[in-house]
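Contents: one structure, followed by commentary.
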Amino acid sequence: MSYGRSHKRARTDNISELNAKYMALDQQNNFQVMYIWIDATQENLRGKTKTFDFEPKVASDLPIWNFDGTSTGQSLGEGSDVYIRPVALYRDPFRPGPNKIALCETLTHDEKPHPTNTRQQCLDVMEKAKDQEPWFGMEQEFTLLGADKHPYNWPVNGFPAPQGPYYCGVGADRVFGRHILEAHYRACMYAGIKISGSNVESMPSQFEYQVGPCEGIEMGDSLWVSRYILHRICEDYGVVCSLDPKPVLGEWSGAGCHLNFSTNVMRTPSEDGAGWRAIEEAVHKLSKVHMHHIAYYDPHGGRDNERRLIGANQTETVDAFSSGVADREASVRIPRQVFADKCGYFEDRRPASNCDPYMVTSAMVKTCCFEGDD
Ligand code: ADP
Ligand code: MN
Ligand code: MN
Ligand code: MN
Ligand code: MN
């Protein structure tokens with residue numbers, strides 16, 4: 001049946017070409033908004049689209065919408081609807097032009113934060129700490145997997161050569177999937193996310209990008225949307241992005257999401273070294289509540305991070321706290337330059353790659369910016 005064969009080929013071989021043709025069609029004054037939200041796993045994102053007859057400019061231009069909570073594990077048994085309220089708006093790199101991505105928070109039927117909505121408490125904390133101007137930068141590491149869930153482009157039988165040549169490497173034998181890192185970088189810039197850098201990581205098929213500095217709630221919002229964009233790009237290429245903090249056991253690096261943090265006092269150069277003292281004081285406070293933070297640094301109360309924080313591959317063990325200047329084996333590292341300048345920021349290396357940035361940033365502010373109990 002030669003007809004069937006060629007027919008099938010014509011339909012499947014040119015998906016991107018055909019798609020470009022349809023995506024170039026005039027929208028006739030309609031505007032698409034992809035509403036996205038965090039599901040019950042506190043790890044995965046969902047999204048669906050709505051058409052508007054105006055171009056939204058800010059999140060508050062958009063109405064509350066809803067979705068079927070029984071399909072995402074978010075229904076509370078009082079009807080299946082969960083409300084989604086747009087809280088931050090971005091240009092949509094997948095539908096270029098006036099179309100948007102709206103990051104939403106989830107609300108119950110009486111418009112209270114849904115139990116899986118961690119943004120509200122984060123926003124409260126950031127509001128209280130506003131005069132200290134908390135800045136964050138997060139380093140999102142991720143691992144690409146093929147459709148078979150095996151690390152992308154690893155040998156089918158066996159493993160690549162041991163770690164060493166891959167970190168910040170170049171060459172087809174060292175970098176397995178740079179096209180995804182590059183596409184994601186530009187897509188984030190287009191969207192309006194403060195993406196500040198990227199690098200190839202120590203384990204083959206592992207990469208990192210950094211977002212920041214962002215003040216307050218913008219950190220969590222930006223990181224969640226950057227992850228949505230990452231998953232969408234991987235989907236386009238038929239690759240899966242894993243945020244598991246230890247995707248391959250053994251002598252292979254895990255994946256983290258280092259949190260860089262500063263307040264206005266820490267950042268400001270001064271004759272009397274007030275910035276340095278503020279950094280030392282924050283690190284001291286963190287040392288007192290180590291396990292408390294570990295519980296917030298992955299979506300399973302620390303269990304995911306246990307596989308990663310093992311005192312090897314540039315990590316401290318999960319049950320110990322340590323800190324040091326330029327020390328990448330410590331829980332908290334103070335960059336060499338910050339020590340020299342006596343002001344700047346510090347890096348908490350503990351958060352897992354699949355952490356909830358709302359939980360991580362609010363834990364940091366509660367411990368370091370507030371007096372007394374958190
Ligand atoms: P590393 O040396 O740990 O790999 P990166 O360059 O990957 O560092 O990431 C550094 C991060 O620190 C970036 O996200 C950047 O935005 C952030 N950063 C820089 N300055 C500050 C600051 N003053 N406060 C908070 N974060 C900062
Ligand atoms: Mn339906
Ligand atoms: Mn980094
Ligand atoms: Mn890294
Ligand atoms: Mn780092």
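Please treat every number below as a calculation from the coordinates, not as lab data. Note that the coordinates shown come from a computational prediction; the quantities given were computed from them, not determined experimentally. FYI the Cβ positions are ideal-geometry reconstructions off the backbone, even for glycines, and counts take in every protein chain you see.
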Quiz item: Got the relative contact order for the chain handy, in percent, Cα pairs under 8 Å and 6 or more residues apart?
Solution: 15
Quiz item: In µm²/s, what is D for the range 139-257 at 37 °C and 0.692 mPa s, where D = kT/(6 pi eta Rh) by Stokes-Einstein and Rh is the Kirkwood radius from Cα pairs?
Solution: 226
Quiz item: How big is the Rg/Rh ratio for the chain, C-alpha atoms only, Rh by Kirkwood, two decimals?
Solution: 0.99
Exercise. Output ³J(HN,Hα) for the range 181-192: one whole-Hz value per residue in order, computed from phi by the Karplus curve 6.51 cos²θ - 1.76 cosθ + 1.60 with θ = phi - 60°, and x for Gly and Pro.
Key: 4, 5, 4, 5, 4, 5, 4, 5, 4, 4, 5, x
Quiz item: What is the pair-distance distribution P(r) of the range 28-116, computed from all Cα-Cα distances in 5 Å bins starting at 0, with each bin given as a whole percent?
Solution: 3, 15, 26, 22, 16, 11, 5, 1, 0
Practice problem: May I ask you to order 237-246, 74-83 by the average number of other C-beta atoms within 10 Å around their residues, highest value first? | Solution: 237-246, 74-83
Quiz item: Under a 5 Å amide H to amide H cut-off, with H placed in plane at 1.01 Å, what residues pair with His114 once short-range neighbours are removed?
Solution: Thr106, Leu107, Thr108
Practice problem: List the relative contact order of the range 28-116 as a percent without decimals, with contacts defined as Cα pairs under 8 Å and 6+ residues apart. | Solution: 31
